[in-house]
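For reference, the structure discussed in these notes is given below.
The values are calculated or read from the model by the stated rules, or taken from the named source; none is laboratory data. In this text, all values refer to a predicted model and were calculated from it rather than measured experimentally. Don't worry about glycine lacking a Cβ; one is built from the backbone with ideal geometry, like all the others, and counts go over all protein chains shown.
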Amino acid sequence: MADQQALTELAKRRGFFFGANEAYGGTAGFYTFGPEGAALKRNVEAAWREQFTHRLGNEEIEAPTVMPEPVFEASGHLDGFDDMLIECAECGESHRADHLIEDAVEDIEDAEALGVDRVEELIGDHDLVCPTCGAALADEPVEDFNLMFETSIGPGAGQPGYLRPETAQGIFVEFPRLKEYARGQLPFGVTQIGAAYRNEISPRRGIVRVREFTQAELEQFIDPEADEPPLEDVADVKVTLYPASEQNADDGDYIETTIGDAVDEEIIESPWVAYFLGVAQGWYEAVGVDMNRFRFRQHLAGERAHYAADCWDAESEVDGDWIEIAGFAYRGDYDLSKHDEYGDDSFTVFKRYDEPKTVERAAVDPDMSVLGPEFGGDAAAVAEALETLAERDPDAFDGETVAVDVDGETREVDADVANFSVEEVTESGEHITPHVVEPSFGVGRTVQTLLAHAYSEDEVDGESRTYLSLEPEVAPQDAAVFPLVTNDDRLTALADEVAADLRAAGLAVAYDDSGSIGRRYRRQDEVGTPFCVTVDRDGIEGDGPDTVTLRERDSAAQVRIPVAALADELTALREGEPFASVADRYDAVDTDVETAGN
Ligand code: GAP
């Protein structure tokens with residue numbers, strides 16, 4: 001098992017990721033993915049897209065990362081997207097006040113739920129000090145700090161805008177068009193993979209808490225009255241659940257169950273959330289998360305985001321700590337209702353009834369020739385208020401006069417002037433605001449988890465080695481090609497040709513001809529390359545077709561395989577065929593002979 005330091009060191013040395021802008025002193029919370037890391041991240045995104053966009057039959061979009069201020073007024077991020085900040089007067093360092101409490105006070109796991117005043121009080125009660133310089137924090141104020149990065153759109157004063165703190169908002173604001181592409185039919189899902197930005201108070205643990213990160217999100221739009229998920233597809237999936245009730249209980253424990261039972265026993269309230277937990281569990285397992293270091297934890301009441309009615313996190317264990325790698329929120333109609341209220345377009349869908357319905361509809365037809373002279377410039381507002389009142393409270397028109405409120409002032413209108421009537425109308429449907437269920441994945445945290453769970457150490461040929469046991473589907477390289485020696489033109493020419501052919505077949509192939517063959521294997525083991533192909537003299541000297549050795553990373557086992565079969569076999573291996581079944585078709589190689597290089 002890797003500790004954080006070993007992993008960070010490997011990530012830097014082998015080009016997975018490293019702090020950005022180091023030539024300028026570095027910028028906390030920003031990381032660059034190097035060649036291996038960028039490839040691994042891309043493969044994780046491709047695997048996510050395959051599952052959550054293609055297999056689930058959803059559509060993917062790509063929206064801008066900068067959005068104007070009114071979007072975030074509507075979404076609630078301007079008011080509610082805060083963390084608790086405390087600054088040290090001595091050294092100037094900023095800290096998450098709630099995290100200081102959670103680290104110091106044993107039985108508080110969710111200090112954010114306690115509120116700013118209580119956290120400030122607790123910092124004093126427990127005589128907490130600055131983790132950076134040791135100065136007392138007791139007299140320092142705790143404040144809400146908005147996590148959004150502000151910017152200005154256009155020159156000069158411009159229009160205030162923000163870097164999106166979640167990719168989700170780019171999907172919600174485009175809902176009026178997206179529903180047209182879905183032909184107004186619920187349920188439908190829209191995905192997006194892209195950058196999100198949060199000005200985290202104290203970025204930490206490498207790429208786990210950063211200020212720019214990639215999210216992969218699915219917004220599933222449903223009719224809560226009618227749409228059900230295909231729960232039968234995941235009913236038997238076994239999961240480890242940690243519901244809020246167990247977290248709150250003194251002797252609380254995990255619940256090992258199935259998705260189907262968790263819904264039947266109402267451990268997971270929303271069948272849609274349960275469905276996505278089942279799909280996610282299968283996906284995480286397929287890309288290489290160790291299921292013994294994985295759980296779903298329900299948010300405690302005070303922990304939920306401002307938009308969420310219920311939320312479960314996927315968590316993975318990394319270096320002794322649980323980290324949140326995805327959230328599965330039931331957002332209800334929060335987002336679409338808000339954008340409907342603040343935006344210019346309609347964020348509802350028309351739900352057609354099976355049979356048209358005849359209903360009584362109260363209406364008014366105010367006499368403007370009376371309202372005009374009486375209310376002047378407010379006449380239209382009075383008429384509108386009468387219409388709203390008729391829909392909401394028809395009984396209000398029973399008396400001789402009707403009172404309506406316009407801009408905080410009560411206006412009295414003769415009932416005759418309102419021309420109130422109740423008509424029978426036939427309706428073919430109604431406008432409803434869809435509910436949203438949202439699986440939201442952090443790509444960087446998935447990468448971190450895969451590296452931590454794949455990190456392995458063993459001994460090969462009497463030497464200790466470190467290797468990353470990454471799944472072929474996500475490993476940065478599909479294979480590496482080596483000429484056994486570099487002083488033989490025939491060997492190097494064939495190795496070049498093999499690498500070119502494999503690349504032409506769509507495989508990601510590294511080529512390495514420097515150092516001993518043992519060192520080249522170790523280098524590829526450390527970046528998780530699942531298969532190494534070595535071109536040696538034995539393979540080209542006989543009468544038959546040219547052959548090479550194919551070595552599997554974890555077992556270090558090798559087989560001799562014709563060059564002509566290589567691309568097909570490696571493609572099958574990348575797609576999940578076990579090495580043992582490929583190896584059965586070829587002769588095993590004595591590894592002592594093959595590791596002797598130049
Ligand atoms: N749209 C919902 C949403 O944004 P979230 O729980 O705030 O929900 C979703 O974020 C996921 O994004 C998290 O589970 C985590 O994997 C990732 N994430 C959030 N903040 C992050 C940060 N500062 N650094 C890296 N990943 C982060």
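Of all residues being among the acidic types (Asp, Glu) and within 14 Å of the ligand (Cβ to nearest atom) in the range 277-320, which is nearest to Leu40 (Cα to Cα)? Just the residue, please. Break it down into steps so the answer makes sense when it comes.
Taking the range 277-320 and keeping what is among the acidic types (Asp, Glu), we get 285, 290, 303, 310, 313, 315, 317, 319.
Retained after the next criterion (residues that are within 14 Å of the ligand (Cβ to nearest atom)): 303, 310, 313, 315.
Numbers: Glu303: 32, Asp310: 32, Asp313: 23, Glu315: 20 Å.
Applying the filter and picking the extreme gives Glu315.
Could you go through the range 409-423 and let me know if any residue there is crowded, with 18+ Cβ neighbours inside 10 Å, among the charged types (D, E, K, R) and without any contact (Cβ under 8 Å) to a residue 60 or more places away in the chain.
yes
Given the range 264-333, what strands (runs of 3 or more DSSP E) lie entirely inside it while holding 1 or more residues that are among the aliphatic types (A, V, I, L, M) and either touching a Phe, Trp or Tyr at 6+ places or on another chain (Cβ under 8 Å) or without any contact (Cβ under 8 Å) to a residue 60 or more places away in the chain (or both)?
310-318, 321-332
Only one residue in Gln220, Gln169, Gln192 is among the polar types (S, T, N, Q) and either within 9 Å of the ligand (Cβ to nearest atom) or modelled with pLDDT under 95 (or both), so which one is that?
None of the other options fit; the residue is Gln169.
Every residue, every condition in (1) near the ligand (Cβ under 10 Å from one of its atoms); (2) modelled with pLDDT under 95; (3) farther than 14 Å from Phe347 by Cα, yes or no:
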site: Ala157; (1), (2), (3): no, yes, yes
site: Pro187; (1), (2), (3): no, no, yes
site: Asn199; (1), (2), (3): yes, no, yes
site: Phe213; (1), (2), (3): yes, no, yes
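Could you please let me know if Leu186 is in contact with a helix residue (DSSP H, G or I) (Cβ under 7 Å, 6 or more places away or on another chain) and surrounded by 15 or more Cβ atoms within 10 Å (Cβ to Cβ)?
Here the answer is no, as Leu186 does not meet what is asked.
Which condition from (1) of a type in the set (A, V, I, L, M, F, W, C); (2) farther than 17 Å from Thr534 by Cβ; (3) surrounded by fewer than 21 Cβ atoms within 10 Å (Cβ to Cβ); (4) touching a residue at least 60 places away in the same chain (Cβ under 8 Å) is the one that Val460 breaks?
The one condition Val460 does not meet is (2).
If you scan the range 349-376, which residues turn out to be under 19 Å from Thr388 (Cβ atoms), acidic (Asp, Glu) and loosely packed, with under 12 Cβ neighbours inside 10 Å?
Across the range 349-376, the qualifying residue is only Glu360.
Quick test for you: out of Ser464, Ser440, pick the one residue that is more than 30 Å from Trp48 (Cα to Cα) and part of a strand (DSSP E or B).
Working: Ser440 fails: more than 30 Å from Trp48 (Cα to Cα).
Just one listed residue meets the conditions, Ser464.
Would a scan of the range 481-503 turn up a residue that is in a loop (DSSP other than H, G, I, E, B), touching a helix residue (DSSP H, G or I) at 6+ places or on another chain (Cβ under 9 Å) and hydrophobic (A, V, I, L, M, F, W, C)?
Within the range 481-503 (the criterion being in a loop (DSSP other than H, G, I, E, B), touching a helix residue (DSSP H, G or I) at 6+ places or on another chain (Cβ under 9 Å) and hydrophobic (A, V, I, L, M, F, W, C)), the answer is yes, since at least one residue qualifies.
Tell me yes or no: at least one residue of the range 328-336 is under 14 Å from Leu241 (Cα atoms) and either touching a helix residue (DSSP H, G or I) at 6+ places or on another chain (Cβ under 9 Å) or near the ligand (Cβ under 10 Å from one of its atoms) (or both).
yes
Is one or more of the residues making up the range 415-437 modelled with pLDDT of 95 or more, among the aliphatic types (A, V, I, L, M) and within 16 Å of the ligand (Cβ to nearest atom)?
Yes, some residue in the range 415-437 is modelled with pLDDT of 95 or more, among the aliphatic types (A, V, I, L, M) and within 16 Å of the ligand (Cβ to nearest atom).
When only residues in the range 55-69 that are outside any loop (DSSP other than H, G, I, E, B) and touching a strand residue (DSSP E or B) at 6+ places or on another chain (Cβ under 9 Å) count, which is surrounded by the most Cβ atoms within 10 Å (Cβ to Cβ)?
That would be Met67.
Hey, does the range 127-136 have a residue that's buried (at least 17 other Cβ atoms within 10 Å of the Cβ) and touching a residue at least 24 places away in the same chain (Cβ under 8 Å)?
yes
Looking only at the range 245-263, which residues are surrounded by fewer than 19 Cβ atoms within 10 Å (Cβ to Cβ) and either in contact with a strand residue (DSSP E or B) (Cβ under 7 Å, 6 or more places away or on another chain) or in a loop (DSSP other than H, G, I, E, B) (or both)?
Glu246, Ala249, Asp250, Asp251, Gly252, Asp253, Tyr254, Ile255, Glu256, Thr257, Thr258
Can you find even one residue in the range 101-108 that is surrounded by fewer than 18 Cβ atoms within 10 Å (Cβ to Cβ) and under 23 Å from the mean Cα position of the chain (by Cα)?
no
Which count do you get for residues in the range 448-457 that are in contact (Cβ under 8 Å) with a residue 60 or more places away in the chain and either closer than 17 Å to Phe52 by Cα or more than 16 Å from the ligand (Cβ to nearest atom) (or both)?
3
List the number of the failed condition for Glu471; all other conditions in (1) in a strand (DSSP E or B); (2) more than 16 Å from the ligand (Cβ to nearest atom) hold.
Failing condition for Glu471: (1).
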